[in-house]
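The values are calculated or read from the model by the stated rules, or taken from the named source; none is laboratory data. No experiment lies behind these values; they were computed from the predicted model shown. As a convention, Cβ positions derive from the backbone with ideal geometry for all residues, glycine included, and neighbour counts pool all protein chains shown.
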Amino acid sequence: LQQTPEHGWSFAAIAVSQNGRLGASGGVDGLVEFWELGSGAPIARLQKHRDAIGSLLLSPDGKTLISASDDSTIRLWDLESDRIIRTLRGHNARVSAVGISSNWLSLISASTDETIRFWDLSDGRVIDTFLAHRAGVTCLALAANNRLLATGGEDNRIKLWNLTQDEAGRLRRTGERPLNLPSAWSVKAIAFSPDSCILVSGSDDETIRIWQAI
């Protein structure tokens, strides 16, 4: 086991490359660090967001990092040059979670401004913005088959959104299905099984629930 680089404050997000060799960490201090997992050696320290990091994604090749922050922005980083490729702006509050399509063309972001946004990563355009919950959206999960998006909110609800791909391969929303929770507690985390059939959720009522998604 190796000790990772230290942030000025506590860690808030972690991402690991598919080959298990590279890791990225985001701190409450807004700093993003990139490091080699085998040795724990730091590779790069990326300039700060203005507020805490809420979510991180690493590309399969380990060359691109996406960071989402409480400062309401999302940044795409080129890890070979340690430079920002693009900053995505549009949310009016904390970006709580991000998800990426398997072809890395569509980015989906959730925010405490109660909205979900679909972005075209090739140019940073917003493809779709919609009110997803009656309170802040706390978490999201994109199914491996790219056909379902799950979101959880401070309104104590989970929603499943049906997705399709347009001719350019970008994700589009086609419908929704709410899941009925028996308790009035905020949903904090959700994840799909690898086959996209099962959804697991965690809430402030200290329970984990397993759902049949398909």
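Descriptive notes on the structure:
- Any hit, the range 73-86, residues being of a type outside the set (Ser, Thr, Tyr), over 13 Å from the mean Cα position of the chain (by Cα) and buried (at least 19 other Cβ atoms within 10 Å of the Cβ): yes
- Residue in the range 125-132 that is crowded, with 24+ Cβ neighbours inside 10 Å and outside any strand (DSSP E or B) present: yes
- Selected residue [of a type outside the set (Val, Ile, Thr), outside any strand (DSSP E or B), assigned by TED's automatic domain parsing to the domain that holds Arg134 and within 25 Å of Gly136 (Cα to Cα)] from Asp71, Asp51, Asp29, Asp113: Asp113
- Some residue of the range 82-101 being touching an Asp or Glu at 6+ places or on another chain (Cβ under 7 Å) and part of a strand (DSSP E or B): yes
- Any hit, the range 96-105, residues being over 12 Å from the mean Cα position of the chain (by Cα), surrounded by 15 or more Cβ atoms within 10 Å (Cβ to Cβ) and assigned by TED's automatic domain parsing to the domain that holds Lys188: yes
- Residue count for the range 141-159 satisfying the condition of being of a type in the set (S, T, N, Q), over 16 Å from the mean Cα position of the chain (by Cα) and under 19 Å from Pro194 (Cα atoms): 1.
- Counting the residues of the range 125-138 that are under 18 Å from Ile100 (Cβ atoms) and either in contact (Cβ under 8 Å) with a residue 40 or more places away in the chain or among the hydroxyl-bearing types (Ser, Thr, Tyr) (or both) gives 4.
- Residue in the range 178-192 that is in the same structural domain as Asp120 (by TED's automatic domain parsing), under 16 Å from Thr115 (Cα atoms) and over 20 Å from the mean Cα position of the chain (by Cα) present: yes
- Selection from the range 121-135 of residues that are within 15 Å of the chain's Cα centre (by Cα) and either over 17 Å from Ile74 (Cβ atoms) or at pLDDT 95 or above (or both): none
- The criterion of at least 1 residues that are of a type in the set (Lys, Arg) and more than 17 Å from Arg134 (Cα to Cα) is met by the following strands (runs of 3 or more DSSP E) wholly inside the range 150-210: 171-179.
- Pick from the range 155-169, criterion of a type outside the set (Val, Ile, Thr) and modelled with pLDDT of 95 or more, ranking: surrounded by the fewest Cβ atoms within 10 Å (Cβ to Cβ): Asn162
- A count restricted to the range 107-124 and to residues that are farther than 26 Å from Asp195 by Cβ and surrounded by 24 or more Cβ atoms within 10 Å (Cβ to Cβ) stands at 2.
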